[in-house]
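K.L.:
Sharing a structure, written as structure tokens. Questions coming.
The values are calculated or read from the model by the stated rules, or taken from the named source; none is laboratory data. Everything numeric in this text was worked out from a predicted model, so none of it was measured. Neighbour counts run over all protein chains shown; Cβ positions are idealised from the backbone, glycine included. Keep in mind that these areas ignore ligands, DNA and RNA; they rest on the heavy atoms of the full protein, side chains included. Shrake-Rupley method; radii C 1.70, N 1.55, O 1.52, S 1.80 Å.
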Amino acid sequence: MSTPTVTSRPEWINVRILRQDGPGQPSYWQRFRVRYEPEMNVISVLQKIAADPRTAEGKPVAPVAWECNCLEEVCGACTMVINGRVRQSCSALIDRLLEENPHEIELQPMSKFPVVRDLVVDRQRLFRALERVKAWIPVDGYYDMGPGPRQSQAAQEAAYPLSKCMSCGCCLEACPQYSRIELVRWEGETDEQFERRKLAAYDRAFLGAHAISQAILFNSHPTGKNNAAERLEALIGPGGIQLCGNAQNCVAVCPKEIPLTRSIGLAGRQTTIYALKKFFDK
Amino acid sequence: MAQQRVMVVGGGLAGLSAAMKLAELGIDVDLMSLTPVKRSHSVCAQGGINSVNDQTRQEGDSEWKHFDDTVYGGDFLQHQPPVKEMAYWGPRIIDLMDRLGVPFNRTAEGFLDRRRFGGTLYKRTAFAGATTGQQLLYALDEQVRRWKGAGKVRMFEYWDFLGPILDEDGVCCGCVGQDLVTMEIRAFPADAVVLATGGCGLIFGRSTMSMSCTGSAVSRAFQLGARYANGEFIQVHPTAIPGADKLRLMSESARGEGGRVWVPRKPQDPRDPREIPEEERYYFLEERYPKYGNLVPRDIATREIFNICVNEGLSVEKDRMCVYLDLTHIPRKELDRKLGGILEIYEKFQGVDPRTTPMKIFPAVHYSMGGLWVDYERTADGGLKIGSPRNHVTNIPGLYAIGECDYQYHGANRLGANSLLSCIFSGLIVAPGIKNWLAAQKKAASERPASLFDQAVRRQQERHDELLRRAPGGENPYLIHQELGDVMTRSATVVRHNAQLREAIQKVQELYERAKRCSLSDTGNWTNQNVVFTKALLDMFPIALTILEGALARDECRGAHYKPEFAMPELKATDPVERRREAEQWCDRFEENTRRWLKTTIAQWIDNRVVLSYEDVDTSLIPPRPRLYGLVGAEVIEQVWRERQARRGQPAGDGKPAEERRPSQQVVRS
Ligand SMILES: Cc1cc2nc3c(=O)[nH]c(=O)nc-3n(C[C@H](O)[C@H](O)[C@H](O)COP(=O)(O)OP(=O)(O)OC[C@H]3O[C@@H](n4cnc5c(N)ncnc54)[C@H](O)[C@@H]3O)c2cc1C
Ligand code: SF4
Ligand code: SF4
Ligand code: FES
């Protein structure tokens, strides 16, 4: 523990939150003051605000909306931009944040996804990308067919880190090639029509580092290999790997330290070979 | 008949395996969950999943032994046929998860690696790094996503289950849900509803569980007539990291690798722990249990840590109970090699390096053995009849419960790494039974009169609107939740006393009345987390009262339920004859207690209060026997017990039949 800060612990923490009441509404900043306690994280600060939602000036306001579940950085729910950096709020310790900036903690929703309310964003596109790259093992079914293919320790050690991706979206927030898509519902459009139009828009846009990495994970599995071609099709299709500018911002922010640039490199190689093969097989 | 559908509520391991299996059987599935299913609480499980395997088999292990360890660990409180069936399915379930791509750790030769967990002598536990639950959940999530793409599964993520819909005959024909974004309330006609909504740790305020583990869904079924069984059995893990928001698990391996538990002899000694000299430290586990030291069994460690803080006032901190778990005497290199992963968790969340500063830990609520009462159909040889619509159905026809929210597999105490198994198992076997249930229906739920569904929606809409309309200035739901958690943690966790339980029941009833007067800080109808939480809080009370009433009524010690007033004595005499006589008495008392208390507690919610009754337990496969681990005089008691059972012609041990039956091929492949 960095003992020096112990003496300078404040009585109050100032928190500045970028709020938005709903989709398409203007955003606005609001300040809150929360009594300091040892061992707080951003979640416990938000819990305190929820229990007593008043601004720093004492004005009662609607509580701030946010998402979380596991509180131990494995579910991926609680992503937000904290002091300008995208990360999980459950593992964002207040003492550390105060070392960065003793005066204030700043919370913003991720900017690459439509805001639902306050710090809650709609990450449907992120999950949709997993469908696009068919991120699953194409087993015949769930009857007992004996064990899976035998695998080496090395193969497990390569797959495991990729398999820890918790769909948090940090890598997408940091990626210069991943830009926000926010559709507005047309007048008279039904739920289904709107949904279809939205998915179509998502399916044309950049997949993102997380999905590229998942494609590689499943392509490297002995059974997953069987439909590698379908995944590679998705990677060379619209919104595919060609959009990646190799800026490597993604890997720098991934809270699970997933070797995304390695996956992207492998995806580049696999798609090149695949495209060549496709060309000559024509 | 119109197309039939099944609604699965909850997308943890149990819900996802049910959804996936139902889809494979050709059934249309709706899947509703508070969170995206990939973010369900099951991701938190670190340790692993149990099954017999080729290696343990050659060391003398068998499905039967896994079955025996499970019922012995659970103090015989579970019906044995479902547990037996689960143990026999264990290897097949691991095989299936392996085929689905779970990156289980491998041996050098490429087989699945295994570790040993508590409550057994065999290395049964398969694991994937330190995130087994996450890896298992992802494999199932991926399969369900595949079915979604194929149009077989519809997802309703960010939806709150508000209750089942029952027809005039009390048959479940759907449920009401609320969209957490738009706050729309609507009915989902369904020909069967499966609850897979996990545990209820939030009733205790903070626990090792996730924020969605409120038990609200189960409570809503309970309040409409579903029975709740063995509520009083709550597992408390000895070592968790107390946090302002959550109590995060600290693996037992920290003690396994030489961690020492202590408190300063001077209450709340303000000095830095590293400055407190050896003789002013109280290594209470080592002093009290010289033989086992810091590695006393889980329940004893839990009780002693609790006792030192609560009764002896020696907690390290004044406002918060905790003791030191000290690894600082072990070389850093060794720690990194053996405990790297878990020490990083501590460091990440506490901002303190446990290699140089003693960790602060305290027991925390971890698992609920109790849950919705569910039925099963037994075969002649004591297994489950796969395909029976009775398997996992609650007392409400058409309403099923699986996973941590049912009560079926763990009796009075769950063994480590058995829960992931029971979740996947129950999800897989509920599906063929539901298929047969659907086949027996004459009418699809969607063909029922609209009024049935409209009425159910209207009732929920009224409840919702009434909450939003409340004038400000009433009670604060978040503060009431804290108070509820405090009362429950104090009275209904590690050590239980009847006087305290009585007091707690009264206090919780008062809190319930106060909670009914909550007013909201958010009265809007868009992503209103305030009203969702308030409803969940209100629904915690019936389950909280069930836990307390069950604990008060049960005057004995069994598994996780410990009442010192009713503890079985240790043997005191040193003279062999006298000691033998004491052992005889001990066994008499044990038998008497078995007759009186080896019963499932059944709770019902009638006229806004808990009504208890008891049901016999099917222990026909393995006769109950005393759990003697760590008890003084265990050898003599064991001796007496064996002789008694021999006289009766009953097995004294695991009751394994001479020629162990293998399940028939038909069962294997179903
Ligand atoms: C820290 C920790 C470590 C553990 N480690 C292990 C281990 O190593 N081995 C082991 O065997 N067990 C372990 N366990 C236990 C095990 O993880 C759980 O028992 C198991 O994951 C429960 O799975 P489930 O499918 O029943 O429910 P969950 O995974 O809890 O899922 C519940 C689902 O229900 C949904 N839901 C809840 N309420 C509602 C509602 N009102 N409306 C709509 N949806 C709702 C949620 O969104 C979620 O999708 C551990 C538990 C903890 C807390
Ligand atoms: S490497 Fe590719 S995916 Fe990663 S941040 Fe850069 S552009 Fe985005
Ligand atoms: S790759 Fe990393 S940053 Fe991206 S979604 Fe997965 S866990 Fe999050
Ligand atoms: S709450 Fe699960 S990652 Fe933060």
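Matching residues to (1) more than 9 Å from every other protein chain (Cβ to nearest Cβ); (2) within 16 Å of ligand 2 (Cβ to nearest atom); (3) touching a residue at least 12 places away in the same chain (Cβ under 8 Å):
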| position | (1), (2), (3) |
| --- | --- |
| A:I43 | no, no, yes |
| A:A56 | yes, no, yes |
| A:K59 | yes, no, no |
| A:C68 | no, no, yes |
| A:T79 | yes, yes, yes |
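K.L.:
Suppose the filter is within 16 Å of ligand 2 (Cβ to nearest atom), open to solvent by 50 Å² or more (accessible area, probe 1.4 Å) and at pLDDT 95 or above; does A:L217 pass it?
P.N.:
no
K.L.:
(1) open to solvent by 50 Å² or more (accessible area, probe 1.4 Å); (2) out of contact with any strand residue (DSSP E or B) (no Cβ under 9 Å at 6 or more places or on another chain); (3) more than 16 Å from ligand 3 (Cβ to nearest atom): which one isn't true of A:E157, the others all being true?
P.N.:
Evaluating A:E157 over (1) open to solvent by 50 Å² or more (accessible area, probe 1.4 Å); (2) out of contact with any strand residue (DSSP E or B) (no Cβ under 9 Å at 6 or more places or on another chain); (3) more than 16 Å from ligand 3 (Cβ to nearest atom) leaves (2) as the failure.
K.L.:
For the stretch B:470-482, check the following and say yes or no: at least one residue is hydroxyl-bearing (S, T, Y) and open to solvent by less than 10 Å² (accessible area, probe 1.4 Å).
P.N.:
No, that holds for no residue.
K.L.:
Test of understanding: among B:G313, B:G382, which residue is assigned to a loop (DSSP other than H, G, I, E, B), in contact (Cβ under 8 Å) with a residue 60 or more places away in the chain and either surrounded by fewer than 19 Cβ atoms within 10 Å (Cβ to Cβ) or within 14 Å of chain A (Cβ to nearest Cβ) (or both)?
P.N.:
B:G382
K.L.:
Of all residues in the stretch A:81-127, how many are basic (K, R) and facing chain B (nearest Cβ under 10 Å)?
P.N.:
3
K.L.:
If I ask for residues that are more than 16 Å from ligand 3 (Cβ to nearest atom) and in contact with a helix residue (DSSP H, G or I) (Cβ under 8 Å, 6 or more places away or on another chain), which ones from the stretch A:161-204 would you list?
P.N.:
Hits for the stretch A:161-204 are A:I181, A:L183, A:R185, A:W186, A:E189, A:K198, A:L199, A:D203.
K.L.:
Kindly indicate the residue of the stretch B:226-272 that is of a type in the set (A, V, I, L, M) and over 23 Å from B:E286 (Cα atoms) and also most open to solvent (accessible area, probe 1.4 Å) among those meeting that condition.
P.N.:
B:A244
K.L.:
Pick from the stretch A:162-192 the residues that are assigned to a helix (DSSP H, G or I) and open to solvent by 40 Å² or more (accessible area, probe 1.4 Å): which of them is farthest from ligand 4 (Cβ to nearest atom)?
P.N.:
Top of the filtered list is A:E192.
K.L.:
Would you pick out the residues in the stretch B:318-344 that are open to solvent by 50 Å² or more (accessible area, probe 1.4 Å) and in contact with a strand residue (DSSP E or B) (Cβ under 8 Å, 6 or more places away or on another chain)?
P.N.:
Of everything in the stretch B:318-344, those that are open to solvent by 50 Å² or more (accessible area, probe 1.4 Å) and in contact with a strand residue (DSSP E or B) (Cβ under 8 Å, 6 or more places away or on another chain) turn out to be B:R320, B:M321, B:H329.
K.L.:
Oh, and also: Scanning the stretch A:164-201 for residues that are on the phi < 0 side of the Ramachandran plot, among the small types (G, A, S) and within 13 Å of ligand 2 (Cβ to nearest atom), which turns out nearest to the other protein chains (Cβ to nearest Cβ)?
P.N.:
The qualifying residue nearest to the other protein chains (Cβ to nearest Cβ) is A:A174.
K.L.:
What is the number of the single condition among (1) of a type in the set (A, V, I, L, M, F, W, C); (2) more than 9 Å from chain A (Cβ to nearest Cβ); (3) within 20 Å of A:Q156 (Cα to Cα) that B:F161 does not meet?
P.N.:
(3)
K.L.:
Out of the stretch A:216-272, which residues are in contact with a Phe, Trp or Tyr (Cβ under 6 Å, 6 or more places away or on another chain) and either among the hydroxyl-bearing types (S, T, Y) or away from every other protein chain (no Cβ under 14 Å) (or both)?
P.N.:
Listed by number, the residues that qualify are A:L232, A:G239, A:L243.
K.L.:
So which residues in the stretch B:500-554 are of a type in the set (K, R), touching a residue at least 40 places away in the same chain (Cβ under 8 Å) and open to solvent by 10 Å² or more (accessible area, probe 1.4 Å)?
P.N.:
If the condition is that a residue be of a type in the set (K, R), touching a residue at least 40 places away in the same chain (Cβ under 8 Å) and open to solvent by 10 Å² or more (accessible area, probe 1.4 Å), then B:R502, B:R517 are the ones that fit.
K.L.:
Which helices (runs of 4 or more DSSP H) does the stretch B:2-90 wholly contain that include 3 or more residues that are at pLDDT 95 or above, within 14 Å of chain A (Cβ to nearest Cβ) and touching a helix residue (DSSP H, G or I) at 6+ places or on another chain (Cβ under 9 Å)?
P.N.:
By residue number, B:13-24.
K.L.:
Another question about this same structure. Cβ-Cβ under 9 Å, sequence separation 6+ or interchain: first residue in the stretch A:249-272 and under 17 Å from A:K164 (Cβ atoms) and among the hydroxyl-bearing types (S, T, Y), partner open to solvent by 40 Å² or more (accessible area, probe 1.4 Å) and more than 7 Å from ligand 3 (Cβ to nearest atom). Which pairs?
P.N.:
A:T261/A:N246; A:T261/A:Q248; A:T261/A:V251
K.L.:
Moving on to the next point. Identify, from the list A:E157, A:E195, the residue that is more than 16 Å from ligand 4 (Cβ to nearest atom), assigned to a helix (DSSP H, G or I) and at pLDDT below 95.
P.N.:
A:E157
K.L.:
Could you please let me know if A:F194 is touching a Phe, Trp or Tyr at 6+ places or on another chain (Cβ under 6 Å) and either closer than 30 Å to A:G22 by Cβ or more than 16 Å from ligand 1 (Cβ to nearest atom) (or both)?
P.N.:
Against the criterion (touching a Phe, Trp or Tyr at 6+ places or on another chain (Cβ under 6 Å) and either closer than 30 Å to A:G22 by Cβ or more than 16 Å from ligand 1 (Cβ to nearest atom) (or both)), A:F194 does not qualify.
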